[in-house]
1. Residue check: is R122 in contact with a His (Cβ under 9 Å, 6 or more places away or on another chain), of a type in the set (K, R) and within 25 Å of L24 (Cβ to Cβ)?
2. If you go through the stretch 87-114 one residue at a time, how many are among the aliphatic types (A, V, I, L, M), part of a helix (DSSP H, G or I) and either open to solvent by 50 Å² or more (accessible area, probe 1.4 Å) or more than 27 Å from Q169 (Cβ to Cβ) (or both)?
3. Keeping to the stretch 12-27, report how many residues are open to solvent by 20 Å² or more (accessible area, probe 1.4 Å) and either more than 10 Å from T102 (Cα to Cα) or not basic (K, R) (or both).
4. Test S143 against the stated conditions and say whether it is open to solvent by less than 50 Å² (accessible area, probe 1.4 Å) and of a type in the set (S, T, Y).
5. Just give me the residues in the stretch 58-84 being within 22 Å of K3 (Cα to Cα), of a type outside the set (A, V, I, L, M, F, W, C) and outside any loop (DSSP other than H, G, I, E, B), in sequence order.
6. Just to be sure I understand the filter: pairs with C-beta atoms under 7 Å, separated by 6 or more residues or on different chains, first member in the stretch 68-79 and open to solvent by less than 100 Å² (accessible area, probe 1.4 Å), second member of a type in the set (S, T, Y). Which pairs pass?
7. Just the residues that are under 15 Å from the mean Cα position of the chain (by Cα) and buried (at least 17 other Cβ atoms within 10 Å of the Cβ), please, taken from the stretch 153-168.
Amino acid sequence: YSKYLNLCHFGSLASDRSLSQILLCLGELFDKYPHARACIRVHAYGAPLDSLSIEARESLGLDDVLILHGRLEKDPDTGLSGRERVAIKMHEADVLILLHGTDEWCAEYIPSKFYDYLWAGRPIWGITHRNPQLDQMLLDRKSYLSADGDDEGIAMALERIWLDWQQKQLLQPIWQPIGVDQAVSSILSHIAQEKAAP
């Protein structure tokens, strides 16, 4: 725990996968807890902001809260690759933001970023779209969870993260990276259930 609560997003942003919903809830949080503004920072790594995030940042005046890092490339001074630098930044995050998206096909896929986040071993805040399997995977690993489009639920999760951080009690993720053995076991279990179904 440092003097900032660092919420970090890694990867691409778009109108259907936007930080704007979090930024809008931050505005409400700052109205309720004015001192939170001096403590919360949202870091965006790897991509330029989408138009909705730009609009939310400007309308709420969050230039000091939303910090843009862009793509991390190889550092000539340390010799670290961009990938290594990303891994370090993930490990330094207080909470990793997993934006699932809003397209209908989101109900059928698990974002690859989720696996990177699991290996980082940091608390995850998943904002998911109609995907019970992903939701369960997040809950099984003690993550914060919100449904995309549920503004009230997102605001409640953000407030909980803020209060947990203040008390130095952010959720401690259960270390369950997903490997080949788990994937094969899960597939075989689904096949067995299908065969047993009438």
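The values are calculated or read from the model by the stated rules, or taken from the named source; none is laboratory data. Here the structure is a predicted model, which is why all the values come from computation and not from measurement. Cβ placement follows ideal geometry from the backbone for every residue including glycine, while neighbour counts extend to all protein chains displayed. All accessible areas refer to the heavy atoms of the entire protein, side chains included, with ligands and DNA or RNA removed. Shrake-Rupley method; radii C 1.70, N 1.55, O 1.52, S 1.80 Å.
1. Values: in contact with a His (Cβ under 9 Å, 6 or more places away or on another chain): yes; of a type in the set (K, R): yes; within 25 Å of L24 (Cβ to Cβ): yes.
Answer is yes for this residue.
2. Final tally of qualifying residues: 2.
3. The first filter runs over the stretch 12-27 and keeps only residues open to solvent by 20 Å² or more (accessible area, probe 1.4 Å), leaving 12-17, 21, 24.
Checking which are either more than 10 Å from T102 (Cα to Cα) or not basic (K, R) (or both) leaves us with 12-16, 21, 24.
Adding up the residues that qualify gives 7.
4. Details: open to solvent by less than 50 Å² (accessible area, probe 1.4 Å): yes; of a type in the set (S, T, Y): yes.
It is true that S143 is open to solvent by less than 50 Å² (accessible area, probe 1.4 Å) and of a type in the set (S, T, Y).
5. H69
6. That search, which allows pairs on different chains as well, returns H69/Y45; L72/Y45.
7. Answer for the stretch 153-168, where residues must be under 15 Å from the mean Cα position of the chain (by Cα) and buried (at least 17 other Cβ atoms within 10 Å of the Cβ): I154, A155, A157, L158, I161, W162.
Residue-wise test of (1) at positive phi; (2) at pLDDT below 95.
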residue	(1), (2)
R130	yes, yes
Q133	no, yes
M137	no, yes
D150	no, no
G179	no, yes
A183	no, yes
